[in-house]
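The structure appears right after this line, and notes come after that.
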Amino acid sequence: MGPVGLCIVALVVISITHWFYGWRNPRCNGKLPPGSMGMPLLGETLQFFAPNSSSDIPPFIKKRMERFGPIFRTSLVGRPVIISTDPDLSYFVFQKEGKLFQSWYPDTFTEIFGRQNVGSLHGFMYKYLKNMVLNLFGPESLKKMLPEVEQEACRNLNRWSSQESVELKDATASLIFDLTAKKLISYDPEKSSENLRENFVAFIQGLISFPLNIPGTAYHKCMQGRKKAMKMLKSMLQERRAKPRKQQSDFFDFVLEELAKEDTILTEAIALDLMFVLLFASFETTSLAITMATKFLLEHPLVLKALTEENEAILRKRENPNSGLTWKEYKSMTFTFQFINETVRLTNIVPAIFRKALKEINYKGYTIPAGWAVMVCPPSIHLNPATYKDPLDFNPWRWERMEFNGASKHFMAFGGGMRFCVGTDFTKVQMAVFLHCLATKYRWRVIKGGNIVRTPGLQFPNGFHVQISEKNESKEEPKINSI
Ligand code: HEM
């Protein structure tokens, strides 16, 4: 090789070394939190997604907390990220939404949920959509919805009790999805030629993944599902437009009324993206929470006893035990709400909440450069022994001494600040009513499955198959496999 060749090789080596050094030591005006940026481009993405079956803080996070402290840096899906396991910083991030931080999710989220989904919108349009959703799932709507939620929970439980076994995650997902779809778009799966919910499967795996849209990848499967679901939603909206109803009865009617206004800021595309997000957000999260709740009840007989007693007492106090659950009775379920809180604390359905720093931010001696992503990690907050004694123990009674409505520095299962989950009360109604029907009328046992995997989103790889029987009915003992 001649001197020119040697010079070129030397230049290439120097450039790569320089780039590699820059990758590992990103520029910052102050002191970056400690941490490792991992491999060039790939960062620490693979380690972050490595499956684990623990209910503890994910090993990826725990190892780094031990090594670097509560605030550290990394690189995920091609982005530099500051991970916060620190309650103060996490709370600060939520409180400063729109000023210092802004909702930001990896590209995969935006592509799957739509570029105009509520999580990616800001300012005026965001507030407008949020009010729309709050009207739909606020206390007044929920009060009206209560009898229907109870009827559906009881009807489904009754049907499942006639089966040898039911896969609870899928069955509850279908229950919640059908109810939400009925409320939003009057969708009736029995009258539809296509199954809308089918298009929402495999979403959890696809959401935080590499955006490789080629057959075989989780991302590709998700995108195909989105396409089909959006096509169905669009044609349903068009059908409704062609045959409007006299009285506004669901979200479609409301959207059409809004779109007809001259000065509206709503567009059909935004309304459809919102519909898609709401359908997904409601059934996937709540069904995971109900499945875990049912599993916790089996594993903790004293908890089951307390929950059953509270709910049976409601029936005993009634003049007619067969009359439906009232709002007052629902509000009186103190232990059931403690139980729900403990379930979502330990379940950690949302393992990561993302934001982007709008400007350079200095916090606790560290600098977060403008444009960097910040990931708040709810499991590290919910499993902190300084706040929750024996954090891995399932103990609903711990909530007797704790505030549990809304978000705090120590509880962020439903997020916090301006973007606090709009579906929280809806989820609580669904869970409490389901548990009320289950605990007062049925008993259940595991047939198979029930093991969990986190990637880091929660999954039941073998499902959770249970046999449900009416309390006063005896069924042949099934062969029980361990959970
Ligand atoms: C156990 C059930 C649920 C959990 C654990 C949960 C969790 C969360 C969390 C952590 C956030 C905050 C995300 C962020 O700050 O970026 C959020 C936001 C949101 N949730 Fe939920 N959620 C649940 C149920 C629901 C339901 C039933 C609905 C639909 C009715 C829903 C709709 C939404 C929407 C639309 C947002 C975005 C709000 C915004 O950007 O302001 N969620 N949820």
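Each reported figure results from applying straightforward, stated rules to the coordinates on display, with no laboratory input. Not measured: the values here are computed from a predicted model. Cβ atoms come from the backbone with ideal geometry, glycine included; neighbour counts cover every protein chain shown.
General remarks:
- For the listed peptides 246-254, 431-439, 74-82, 104-112, a ranking on the average number of other beta carbons within 10 Å per residue, highest first, reads 431-439, 74-82, 104-112, 246-254.
- Candidate cross-link partners of LYS221 among the lysines, defined by an alpha-carbon separation under 23 Å and a same-chain spacing of 8 or more, comprise LYS169, LYS231, LYS234.
- Helical runs (DSSP H, four residues minimum) scored at -39500 (n - 2.57) apiece and divided by the length of the chain put the mean residue ellipticity at 222 nm at -16000 deg cm²/dmol.
- Relative to the longest principal axis of the Cα atoms of the chain, helix 301-317 runs at roughly 50 degrees.
- Here the chain is treated as a Stokes sphere of Kirkwood radius computed over C-alpha pairs; at 4 °C and 1.567 mPa s its diffusion coefficient rounds to 53 µm²/s.
- Per residue, the average separation of C-alpha pairs within less than 8 Å and at least 6 apart gives the stretch 27-470 a relative contact order of 27 percent.
- Packing around the peptides 292-303, 10-21, 371-382, taken as the average count of other Cβ atoms within 10 Å per residue, puts them in this order, highest first: 371-382, 292-303, 10-21.
- Proximal lysines to LYS99, defined as alpha-carbon separation beneath 24 angstrom and excluding residues fewer than eight positions away on the same chain: LYS31, LYS127, LYS130, LYS356, LYS359, LYS364, LYS409
- Cα long-axis angle, helix 3-24 against the chain (0 to 90 degrees, to the nearest 10): 40 degrees
- Rounded to the nearest 20, the size of the Cβ-charge dipole of the chain about its Cα centre is 900 debye, with Lys and Arg at +1 and Asp and Glu at -1.
- Once the Cα atoms are used to define both axes, helix 334-347 deviates from the longest principal axis of the chain by about 30 degrees.
- The length gained on full extension between GLU403 and LYS143, counted as 0.36 nm times the residue separation minus their Cα-Cα distance, comes to 91.3 nm.
- Label-to-label distance, ILE265 versus ARG318, with points set 7 angstrom from Cα along the beta-carbon direction: 4.4 nm.
- Straight-distance candidates among the aspartates and glutamates for linking to LYS143, with alpha-carbon spacing under 17 Å and chain neighbours fewer than 8 residues away dropped: GLU152, ASP250, GLU329, ASP425.
- Each Lys and Arg adds +1 at its Cβ and each Asp and Glu adds -1 at its Cβ; summed about the Cα centre, the stretch 255-295 shows a dipole of about 440 debye.
- Which of SER84, ILE314, ASN135, positive extreme of dipole for the chain (C-beta unit charges): SER84
- Contour excess over end-to-end distance, with Cα ends at THR334 and THR387 and 0.36 nm allotted per residue: 16.9 nm
- Nitroxide proxy distance, nm - points 7 Å out along Cα→Cβ at ASN158 and MET39: 5.6 nm
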